[in-house]
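J.: Mind looking over this structure? Questions follow.
None of the figures in this text is laboratory data; all of them are computed from the coordinates on show. The model shown is predicted, which means the values in this text are computed figures rather than measured ones. Every residue, glycine among them, receives a Cβ derived from its backbone with ideal geometry; neighbour counts consider all protein chains shown.
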Amino acid sequence: MIDFNLSEEQRALYDVVHRFSVNEIRPAVEKFDSASAPEDAVPLALLRQGMALGFSNLLIPEEYGGYGGDMIDYAIAVEELAYGDVGIADLFLVNISLSRLILLGGNQQQKSTWLSRMCDDADKGFVIAGAMTEPTGGSEIFCPLADAKFGVRTKAVKKGRHYRLDGAKCFITNGGIADLYIVLARTAPDASNLEGCSIFLVPADTDGIVIGKTENKMGHRLSSVREISFDALDIPEDYRLGAEGAGFRILLECYEGNGVGVGSSAVGLARAAYDAALEYAQQRNIWGRPILQFESVAAKLADMRMKIEAARALVWKVAWSVDHPDKCNAFNKLGSMAKIYPAGIVREITSSAMDIFAGAGYMRDLPMEKYVRDAMLYPIYDGTNDLLKQFVAQQLPHAPSTIC
Ligand SMILES: Cc1cc2nc3c(=O)[nH]c(=O)nc-3n(C[C@H](O)[C@H](O)[C@H](O)COP(=O)(O)OP(=O)(O)OC[C@H]3O[C@@H](n4cnc5c(N)ncnc54)[C@H](O)[C@@H]3O)c2cc1C
């Protein structure tokens, strides 16, 4: 029933991404991570290189020129990218997850225009950004709990065969470098989010897009995160993804698999910290022996390893259930667990790794302090862990914990 051996294709995918991560990303990270201006921290050439290798197009069906992969492929690729650097993994996972959003919500014309464009222009680095969060609160958007209606203030007002967009978005990954923005906006002023919001495909060269400041982040410094606003921006009605008012329903379907991307990224970072700590524990000799021989150090490493294995198994189970919605009823709607658990353990694992390196780990010469900075983001973005747990809790009565 269960086979954890990678297929030949999965192994080949792993090899390509792992090599890119170790040979291309890792040697470049320190320079970009330490750039004093956040604009200089984004490695555009590396992004283009990875895109030319097809990393952004993993989930796009072959008929549009994509790789035609599944959610396990997505998990494998993002974990390996994050093993190299989590900021770069963000650049890709946003693209991949938004290609899925277009697949889920787009009509035939939209899919063939934009998904083909992502594949055809991969060499030039065709980038997408998802502009959902607003200064009025991201929690409402990534955890649409009940009848919330305060978090989306960006308006899309219908004028003939166009919509006019006005409003401001914040914390937008790939902001400023994107060719296409996928924008959540309110089309019905008084309705709840679930009824009153729609999604629009907005090409970056549309008049009325205002690119705001680049955020100066604590970690994930190699990703570009910016404010974006819309000033009397006119967009044709056929650039709306799905029906008017269906925006949140499309997002909800997409969220079911979102945890696979962020969760795999957390696993990749946790593994990078664990590998470094294990190597150090074997090499660092004090009291006449390697510190791995001290029980407390060994127990830390065993604990780190167990959590990584548990996190990856959970992410892969969610990935599989998203690909097989008909076969995994008890597990459907619990997809956020794939984000929540890895996002929690990656903070613990990077902190334990720092403890094993002790004084040396605290210094900027080694990547340990970067790993700790990078880990802090996971329980915050793509919906806070606290809120996502509430979201999962709502589903528990309908999702028995039985084996089948
Ligand atoms: C580096 C980075 C990249 C990002 N990339 C993107 C992106 O590409 N696109 C995008 O749209 N957004 C993006 N975001 C936004 C991100 O998803 C949000 O920051 C996140 O969803 C949390 O929203 P918030 O920061 O507004 O927190 P808030 O919603 O203000 O929440 C603040 C606190 O209140 C708690 N809280 C909120 N509501 C409740 C409640 N009902 N009950 C109990 N507690 C509650 C939260 O758990 C949290 O602790 C990014 C953020 C960061 C930091």
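J.: Shape of segment 129-245 from its Cα gyration tensor (a ≥ b ≥ c, root eigenvalues): rounded if a/c is under 1.5, otherwise prolate when a/b > b/c, or oblate?
T.: Judged from the Cα gyration tensor, segment 129-245 comes out oblate (a/c at least 1.5, b/c at or above a/b).
J.: So what are the ³J(HN,Hα) numbers for segment 249-256, from phi and the Karplus equation (6.51, -1.76, 1.60; θ = phi - 60°), rounded to whole Hz, Gly and Pro as x?
T.: Here the 3J(HN,Hα) series is 5, 5, 4, 4, 5, 5, 4, 3 Hz.
J.: Hey, got the dipole for the chain? About the Cα centre, +1 on K and R Cβ, -1 on D and E Cβ, debye to the nearest 20? Working shown, then result.
T.: Working: 40 positive and 52 negative charges, 145 e Å.
Roughly 700 debye for the chain.
J.: Less than 24 Å apart at the alpha-carbon level, and either on another chain or at least 8 residues along: which lysines does that give for K31?
T.: Straight-distance partners of K31: K124, K213, K217, K370.
J.: Using amide H atoms built 1.01 Å from N in the peptide plane, name the residues 5+ places from R284, or on other chains, whose amide H lies under 5 Å from its own.
T.: I291
J.: I need the phi-derived Karplus couplings for segment 285-299: 6.51 cos²θ - 1.76 cosθ + 1.60, θ = phi - 60°, integer Hz, Gly and Pro marked x.
T.: Those phi angles translate into 9, 9, 6, x, 7, x, 5, 4, 7, 7, 4, 5, 5, 4, 5 Hz.
J.: Quick one: which residues, 5+ away or cross-chain, put their amide H under 5 Å from the amide H of A131? H built at 1.01 Å from N.
T.: I182, V183, L184
J.: Taking the alpha-carbon distance from K327 and a cut-off under 23 Å, which lysines remain once sequence neighbours fewer than 8 residues away in the same chain are dropped?
T.: Cα-Cα hits under 23 Å: K317, K339.
J.: Next up: For labels at M363 and R284 in the simple 7 Å Cα→Cβ model, what's the distance in nm?
T.: 1.2
J.: Oh, and also: Go through segment 313-320 residue by residue and turn each phi into a ³J(HN,Hα) via Karplus (6.51, -1.76, 1.60, θ = phi - 60°); whole Hz please, and just put x for glycine and proline.
T.: Values, residue by residue: 4, 5, 4, 5, 5, 5, 4, 5 Hz.
J.: Next up: Starting from the Cα of E63, step 7 Å along the direction of its Cβ; do the same at I211; then give the gap between the two resulting points in nm.
T.: 3.5
J.: Using a Gaussian network model on the chain with a 10 Å cutoff between Cα atoms, which of A82, A375, A232 fluctuates the most?
T.: For the chain, modelled as a Gaussian network with Cα springs under 10 Å, the answer is A232.
J.: Using square roots of five times the C-alpha gyration tensor eigenvalues, list the equivalent-ellipsoid semi-axes of the chain in whole Å, biggest first. Intermediate results must be reported in sequence, preceding the final value.
T.: Details: eigenvalues 255, 110, 84 Å².
Ellipsoid half-lengths, sorted descending, are 36, 23, 21 Å.
J.: In deg cm²/dmol, rounded to 500, what helix-only [θ] at 222 nm does the chain give when every DSSP H run of at least 4 residues adds -39500 (n - 2.57) and the total is split over its residues?
T.: Per the formula, -14500 deg cm²/dmol.
J.: Report the residue, chosen from S112, S99, S56, that carries the largest GNM mean-square fluctuation when the chain is represented by alpha-carbon nodes joined by springs under 10 Å.
T.: Looking only at S112, S99, S56, the biggest GNM fluctuation is shown by S112.
J.: Just to be sure I understand the model, the point goes 7 Å from the Cα along the line to the Cβ. What's the resulting S351 to L396 distance in nm?
T.: 2.3
J.: Classify segment 226-365: rounded, prolate or oblate, from the alpha-carbon gyration tensor (a ≥ b ≥ c, eigenvalue square roots; a/c under 1.5 rounded; otherwise prolate if a/b is larger than b/c)?
T.: Because a/c hits 1.5 or more and a/b fails to exceed b/c, segment 226-365 counts as oblate.
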